1. Enter the mean number of other protein chain beta carbons within 10 Å of the beta carbon of each residue in B:93-103, as an integer.
2. Using only the alpha carbon atoms of region B:80-152, find the Kirkwood hydrodynamic radius as the inverse mean reciprocal pair distance, in angstroms to one decimal.
3. Can you tell me the orientation of helix B:167-182 relative to chain B, as the angle in degrees between its alpha-carbon axis and the longest Cα principal axis, to the nearest 10?
4. Fewest to most neighbouring Cβ within 10 Å: what's the order for B:Ser54, B:Ser219, B:Ser162?
5. What list of ³J(HN,Hα) values in whole Hz, one per residue of region B:193-209 in order, does the Karplus curve 6.51 cos²θ - 1.76 cosθ + 1.60 (θ = phi - 60°) give from phi, with Gly and Pro shown as x?
6. Out of B:Gly77, A:Ala148, B:Ala35, whose Cα points farthest toward the positive end of the dipole of the protein assembly as shown (charges: +1 Lys, Arg; -1 Asp, Glu; placed on Cβ)?
7. Let me know the mean shielding of B:75-85 by other chains, meaning the per-residue number of their Cβ atoms within 10 Å of its Cβ.
8. Under a 10 Å cutoff between Cα atoms, tell me which one of A:Phe226, A:Phe46, A:Phe79 has the largest fluctuation in the Gaussian network model of chain A.
Amino acid sequence: MFLQQLINGIALGSTYALIALGYTMVYGIITLINFAHGEIFMVGAFVGLLLVSVLKLNIFLAMAGSMAFCMIMGVVIEFIAYRPLRKSSRLSALISAIGVSIFLSSLAMMVFGANAKGFPSEAFPARQLHIGNADISTLQLLIIGVSALLMLALEFIVQKTKIGKAMRATSEDYNTAALMGINVNFVISFTFALGSALAAAGGVLVGLLFNSVSFNMGLMAGLKAFAAAVLGGIGSIPGAMLGGLLLGVAEVFGVAIGYSSYRDAIAFAILVLVLLVRPTGLLGRKILKKV
Amino acid sequence: MLTVDNLSVYYGAIRALHQVSCRVDQGEIVALIGANGAGKTTILTTISGIVSSSTGSIAFEGEDITRMPAHQIVTKGISQVPEGRRVFARMSVQENLEMGGFILSNKQEIKQGIERAFTLFPRLAERRKQAARTLSGGEQQMLAMGRALMSNPRLLLLDEPSMGLAPMLVEKIFEIIVEINKTGTTIMLVEQNASMALSIAHRAYVLETGEVVLSGSASDLASNPEVRKAYLGE
Ligand SMILES: Nc1ncnc2c1ncn2[C@@H]1O[C@H](COP(=O)(O)OP(=O)(O)OP(=O)(O)O)[C@@H](O)[C@H]1O
Ligand SMILES: [Mg+2]
């Protein structure tokens, strides 16, 4: 029972973590809360669904296709909606982000209708495995495996590659990064591409997990993932991973012990409690005032 | 080599520079001195393309770079050690140097650049894996200088390299600046420590509230009574 719930929680939490990473990376670089990020996740789920049901691609190819599509979408959104406001107040950019978010969910409702769609059952024929007395679905293992792989790949990019180092430099000090010859606009585009690709993968996985894809799925998932990013310490990549997993596990256990009607409130309750004790989040850095 | 012509810069409604003209010739060390808020840093950040000017022009080796984006200016051969060093605190010494060599595409060249920085500043070599925030102020200054040299600049802009350093270390840093200049790098040096700056510079400009009020050879300025009174503490 415990093991089973733990696996349920980790699977759900992995998807929160995938989405949370996009919030935290974008915030780390341009201190913008990309309100449209949840809708990128939603679009990712739809694109994956279309590729599976219309083009009959297998789930992995569909996920890759959806990631590529959302990468471009993320870059375009930044270019159209945020870049022109880079030097304006933060509030303007935030309002623009909310606008993009509303636009995308309305567009999805017009195109796909208001009813939730499901993945065809042959998209990923999940089997149940019995480990001890726990029933674990291969779908959960897929979700955990794919998420872990993507997060490892992200960690490699950020720590070891030239563009990843440029991302870290830019998020520490935008102007000084430019003085190094780093094209910060390119780095920002790249950050949106990475974050959006992860959200798209999350969208496909969540669509499979709940067998439901709908125009408004980005709202709650986006809010919870944002809570996960803040819980972990916004701007911190390991923080977003940890925050996502914690919230997923807490939600599943909360439901298991009988608080199912508070399912969506659990994440925010934890967030508030942690922020009371640690205002910078679990792995967030103290914000040093410049002297 | 560098020609700044009639440059005016505003931060919103605040005028930071008013019709500043100055030049730096190949091989020189040129000092910019002036009180707090005179606009020294603004000149350097405008040359580097971080701040944009409202009027005036900047030309480097005959090419107009006034509106060029900052990252492209580096590829033209201008590099800067910014005020307050601004090392990437959470990145290691080695990674900071790698960032300095961002425009280099050849791995071998990056490696050689890092070795050169370690020869110039042996204390950095012992700390190559350490996060830059754990370095002392003097070591951070060395790192910022080593980082700026990674791109093999022909013109190096230095903003207050002596800030907050003990006198011994200031002397050492200035020796290294002279050494860097002797190996063929032209230098534009902003300093509050006017006596040190004038002692190594060939020429200098004196800036007051955003305007150039005096210029000339460093030795002439060092013996100018007004300069001695205002900036050399006499
Ligand atoms: N980002 C900014 N926003 C608004 N005003 C600024 C900004 N940066 C500089 N200023 C103003 O422009 C003027 C020139 O500043 P600058 O930093 O160039 O002076 P400085 O000569 O380098 O001074 P210091 O010796 O203290 O470093 C000052 O009045 C300063 O207050
Ligand atoms: Mg200054």
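1. Mean partner-chain Cβ count within 10 Å for B:93-103: 4.
2. 11.7
3. 90
4. B:Ser54, B:Ser219, B:Ser162
5. 7, 5, 5, 5, 4, 5, 6, 10, 7, 7, 10, 8, 10, 10, 10, 9, 5
6. It is A:Ala148.
7. Shielding by partners across B:75-85 averages 2.
8. A:Phe79
Quick note: the coordinates plus some simple rules give every number you see, no bench work behind them. Just so it is clear, the model here is predicted, and its values are computed rather than measured. As a convention, Cβ positions derive from the backbone with ideal geometry for all residues, glycine included, and neighbour counts pool all protein chains shown.
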